[in-house]
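Everything below concerns the one structure shown next.
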Amino acid sequence: MSFQIAIGPRIRKSPFYNSTVKAGVSHFTTYNHMYMPVSYGDPQAEYDRLMNGVDMRDVAGQRQVSLKGPDALELARLLTPRNLDNLTPGVGKYVPMTNSIGTLINDPVLLQVEDDEIWLSIADSDMKFWAEGVAVAKGLNVQVFEPDVSPLAIQGPKADDVVASLLGDWIRDVRYFGFSKTELDGIPLVVARSGWSKQGGFEFYLCDSSRGDELWDKVAEAGKPYGIGPGGPNYIERVESGLISVNADTDDWANPFEMGMGKFMDLDQDVDFIGKAALKTIKAEGIRRRFCGLIMDGEPFKSTNSHQCPVTMNGDYVGFASALAYSPRLEWNISTALISTEAADHGKDLLVDTEYGMRQAVVTSLPFRRENA
Ligand code: THG
């Protein structure tokens, strides 16, 4: 293939865009209507940095939807099945969002940044319109808007050292999903221990988009002694770790129970959140599909990208594989998949129709581990 997608004005540039171009970005995706780098041309090096060193990622596409006003918390409660009774200042929460039939439509990190302001750090779907629609329909006293906030992630086992050298040793005591407002040489930030990998690290939520390149340079400079380099949301590691990518791993019927997110929901709370009745029915009847891992035979997959691929068992369609990758650590072809509970329980005799041809597959739990196979 020799074509390219044009960089045009209908998709936004991130505040780090120029820096990522300078750093040699080779592939962008789009996320919440913004270009987001996914590779700098050497997937193996990017994977190694994340697993053994540290990477820096322009994830400004993880846009914030701000709910601001006296009814901010009430609106947030309507938007998620997660119980927000014990929302703690300075601690984020992973919150599935569902529609009226209980479908998972987004899975943001929620941060209460002021008494009357909540940010939803969203995955790739239009939650600003959804949230405002709910606020209007319910007559709530809350503004819904996108603030000038753009996350830059620093991930990997050496991320703590890099961030400590920038902000001080206090960051070593920040717990998982903990966050605080701070600044770096006058650049306003929210710093959080979070990020879309299981290798540890931080996210700097830049609160002034005019200073993106400046922030990028400071992180790159501080990371030099630790071998920092640019990366994207790492595809291979996210599949190994079983991190969910909404809309890549899900379809219009995938509910949080199927996706293994039961622990993030409370159907017995008083709040009449959107999807409550549907989710109660689903819980009572039991799920029909399950999000799980597949291990496949054959030559290592070459690409680090895929679309959903049909999975069959004895000729019958049972679901789809959602992210095919070759794991260098496990030395397996792997994929996340959403398949019938029968197929998942049977665990073998599956065929996946991949772009590399038909592949035999066996089922495993997520995250992928050698001892579970
Ligand atoms: N960070 C921030 N915003 C985001 C993401 C992020 N928005 C988009 C996307 N990622 C949202 N999706 C996720 C998915 C998984 C996690 C975070 C955001 C995650 N999950 C852990 C897990 O599944 O093991 C922990 C969940 C928990 O235990 O609470 O970290 O990455 N700012």
- [ ] Any residue in the range 259-278 that's among the acidic types (Asp, Glu): show its pairings with residues that are open to solvent by 30 Å² or more (accessible area, probe 1.4 Å) at Cβ separation under 7 Å, as long as the two are six or more apart or on different chains.
- [x] Asp266/Arg82; Asp266/Asn83
- [ ] Within the range 226-248, work out how many residues are open to solvent by less than 20 Å² (accessible area, probe 1.4 Å), part of a helix (DSSP H, G or I) and more than 11 Å from the ligand (Cβ to nearest atom).
- [x] 4
Task: Those residues of the range 10-46 which are more than 21 Å from Ala123 (Cα to Cα) and open to solvent by 50 Å² or more (accessible area, probe 1.4 Å), in sequence order - done: Asn18, Val21, Lys22, Ser26, Gly41, Asp42, Pro43, Gln44
Open item on the list: Being surrounded by 24 or more Cβ atoms within 10 Å (Cβ to Cβ), in contact (Cβ under 8 Å) with a residue 24 or more places away in the chain and away from the ligand (no atom under 16 Å from the Cβ) is true for just one of Arg49, Arg57, Arg77. Which residue is that?
Closed with: Arg49
TODO: Could you tell me whether the range 352-359 includes any residue that is under 21 Å from the mean Cα position of the chain (by Cα) and either surrounded by fewer than 20 Cβ atoms within 10 Å (Cβ to Cβ) or farther than 18 Å from Pro300 by Cα (or both)?
DONE: no
TODO: Report yes if Met56 is in contact with a Gly (Cβ under 8 Å, 6 or more places away or on another chain) and either on the phi < 0 side of the Ramachandran plot or at pLDDT 95 or above (or both), otherwise no.
DONE: yes
Open item on the list: Can you name every one of the strands (runs of 3 or more DSSP E) wholly within the range 98-166 that holds 2 or more residues which are open to solvent by less than 20 Å² (accessible area, probe 1.4 Å)?
Closed with: 104-106, 109-114, 117-121, 150-155
Task: The listed residue being within 16 Å of the ligand (Cβ to nearest atom), surrounded by fewer than 20 Cβ atoms within 10 Å (Cβ to Cβ), at pLDDT 95 or above and not in a loop (DSSP other than H, G, I, E, B), out of Lys181, Lys198, Lys218 - done: Lys181
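For every residue, the table says whether it meets (1) more than 10 Å from the ligand (Cβ to nearest atom); (2) under 23 Å from Arg290 (Cβ atoms); (3) modelled with pLDDT under 95.
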site: Arg82; (1), (2), (3): no, yes, no
site: Pro89; (1), (2), (3): yes, no, yes
site: Gly92; (1), (2), (3): no, no, no
site: Asn99; (1), (2), (3): yes, yes, no
site: Leu104; (1), (2), (3): yes, yes, no
site: Val109; (1), (2), (3): no, no, no
site: Trp119; (1), (2), (3): no, no, no
- [ ] Run Thr336 past the list (1) open to solvent by 70 Å² or more (accessible area, probe 1.4 Å); (2) assigned to a strand (DSSP E or B) and report the number of the one that doesn't hold.
- [x] (1)
Open item on the list: Report every pair of residues separated by at least 6 positions or lying on different chains whose Cβ atoms are under 6 Å apart, first residue within the range 190-205 and over 11 Å from Ala159 (Cβ atoms), second acidic (Asp, Glu) and more than 7 Å from the ligand (Cβ to nearest atom).
Closed with: none
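The values are calculated or read from the model by the stated rules, or taken from the named source; none is laboratory data. Worth saying up front: this structure is predicted, and the values here are computed from it rather than measured. FYI the Cβ positions are ideal-geometry reconstructions off the backbone, even for glycines, and counts take in every protein chain you see. Please note that ligands, DNA and RNA were not included when accessible areas were found on the heavy atoms of the full protein model with its side chains. Shrake-Rupley method; radii C 1.70, N 1.55, O 1.52, S 1.80 Å.
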